[in-house]
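Reading through the structure tokens given below for one structure.
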2 protein chains.
Amino acid sequence: MSDRTRLSRLREKARTDRASLDALLDSTLVGHFGLVDDDGRPVVVPTAIVRDGDRVLLHGSTGSRWMRRLADGAPTCLTVTALDGYVVARSAFESSLHYRSAVLFGSCTRLPDTEVEVALDRVTERMLPGRTAEVRRPQRKELEATLVLALPIAEWSLKVSDGWPDDGPDDVAGPAWAGVVPLAHVARGPIAAPDLRAGIACPPSVTGLTSSG
Amino acid sequence: MSDRTRLSRLREKARTDRASLDALLDSTLVGHFGLVDDDGRPVVVPTAIVRDGDRVLLHGSTGSRWMRRLADGAPTCLTVTALDGYVVARSAFESSLHYRSAVLFGSCTRLPDTEVEVALDRVTERMLPGRTAEVRRPQRKELEATLVLALPIAEWSLKVSDGWPDDGPDDVAGPAWAGVVPLAHVARGPIAAPDLRAGIACPPSVTGLTSSG
């Protein structure tokens, strides 16, 4: 733990176990990368993320300015947030949200060309388990157009809000309701592309998204 | 539109109408604020956001380091992202996500004390419509413990990915399925707090969350 990852507030919400961090990273599709631009001003870029052991993979076009800056090793901050519910307290002041939020500091490195194809398979399998076996292999030009970067999971903090409303005794004795309303991110039924040829059934990788949702 | 908000890539995904921006801001509970720390390194902080006309409100504890830095007018970048679905193309390369992502640049100003209560009511009503009428008024000490900041909606860009898979003719002629799987953020049934007194019914502000979800 460093000065940057020691929570200055709400320390009771801090979690330091990797399992909790991994659970958040493995269930969240998009993270937000912070960068500093040439003028010294902050920029925040949303990007799909996939955990791969002790690192987080991200990928994008070789034409992306921010991907190239990250590939060059610019200091970055990756924040990954899951919104899990409403905390409905008996006062507006105590009302809040259930969330899990991880902050990772570090710098990315670019994966060598020989590792790009395996890494992109991992991305695909994370997003749509089973999909790599249903589609053709990537083409050389596709691999060459894609930057895959890795951010080590090294300097990080995790904050989890998952408690009940914390109303004082006067409010508890009052007339207002209190509780929690969970939020879920769920997949709806798949919609076939207009140009899908007749006779091609929806595959297991896609039906699996909704059955577990 | 400035150099910072002109998209350098995927320009076909750019939207410039305020209605599309407002729809995103009004349907997303949490945004990510970028800041630059004293060492010149980026930090990304997730925070609840509420649009109020031509500005975005955020609030937090007067004890929060990052809220105070924002209140001091530090340059910031607010990125608001909604994940709307999976784009399942016939190749891994063309597969992607449906998303809407706004980036706002600027600096926050602190609302004067006289405007804090009205602003917090707006926050409460945005999160739980009808809730302000169900709970007691904020106490003076609660208002004094809360910083409310406003970021003007002035320098911004919006990117929307909402199309079908864009496979080439060879892939369209092949055996793989293609389509879209929508994602939705839905509220589940409310769970009463363990210390809720008997006879207090779940109020309209809470039942309304699930009926519209």
> Averaged over all directions, how much area does the convex hull of the C-alpha atoms of the protein assembly as shown cover when projected, in nm²?
Replying inline: 21.1
>> Please rank A:Val80, A:Val36, B:Val172, fewest neighbouring Cβ atoms within 10 Å first, as an exposure proxy.
In response: B:Val172, A:Val36, A:Val80
> Taking H as built 1.01 Å from N, whose amide H comes closer than 5 Å to the amide H of A:Glu155, not counting residues under 5 places away?
Replying inline: A:Phe105
> In Å, what is the Rg of the alpha-carbon atoms in region B:66-143, and how long is Dmax?
Replying inline: 19.3, 59
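Can you sort B:Asp52, B:Asp170, B:Asp22, B:Asp39 so the residue with the fewest Cβ neighbours within 10 Å comes first? Mind dumping the intermediate values first?
Details: B:Asp52 18, B:Asp170 10, B:Asp22 15, B:Asp39 7.
The order, fewest Cβ neighbours first, is B:Asp39, B:Asp170, B:Asp22, B:Asp52.
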>> Can you give me the long-range amide H partners of B:Val50? Hydrogens built in the peptide plane at 1.01 Å from N, cutoff under 5 Å, separation of 5 or more residues or another chain.
In response: B:Leu57
> Considering only the label points, 7 Å along Cα→Cβ from Cα, what distances in nm to one decimal separate A:Thr210 from the same position in each other copy, shortest first?
Replying inline: 2.3
> If the label for A:Val186 sits 7 angstrom from Cα along the Cα-to-Cβ line, what are its distances to the same label in every other copy, in nm to one decimal, shortest first?
Replying inline: 0.3
> Residue-wise, which Karplus ³J(HN,Hα) couplings in Hz belong to region B:87-103, taking 6.51 cos²θ - 1.76 cosθ + 1.60, θ = phi - 60°, and x for glycine or proline?
Replying inline: 9, 9, 8, 7, 10, 4, 4, 7, 6, 7, 10, 7, 8, 10, 9, 10, 10
> Under a 5 Å amide H to amide H cut-off, with H placed in plane at 1.01 Å, what residues pair with A:Arg188 once short-range neighbours are removed?
Replying inline: B:Leu183, B:Ala184
>> Give the aspartates and glutamates reachable from B:Lys13 as a straight Cα distance under 15 Å; neighbours fewer than 8 places away on the same chain don't count.
In response: B:Asp84, B:Asp162, B:Asp166
> To the nearest µm²/s, what D does Stokes-Einstein give for region B:3-162 at 4 °C and 1.567 mPa s, using the Kirkwood radius over alpha carbon pairs as Rh?
Replying inline: 76
> Which order do A:Cys202, B:Cys77 fall in if you start with the one that has the fewest other Cβ atoms within 10 Å?
Replying inline: A:Cys202, B:Cys77
> So what is the relative contact order for chain B, in percent, with contacts set as C-alpha pairs under 8 Å and at least six apart?
Replying inline: 25
> Where does chain B land at 222 nm, in deg cm²/dmol rounded to the nearest 500, when only DSSP H runs of n ≥ 4 count, each adding -39500 (n - 2.57), divided by all residues?
Replying inline: -6000 deg cm²/dmol
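Where a number appears in this text, it was derived from the coordinates with a stated rule and is not lab data. Since the model is a prediction, treat every value here as computed from it, not as a measurement. Reconstructed Cβ throughout: ideal geometry from the backbone, glycine too, with neighbour counts over all protein chains shown.
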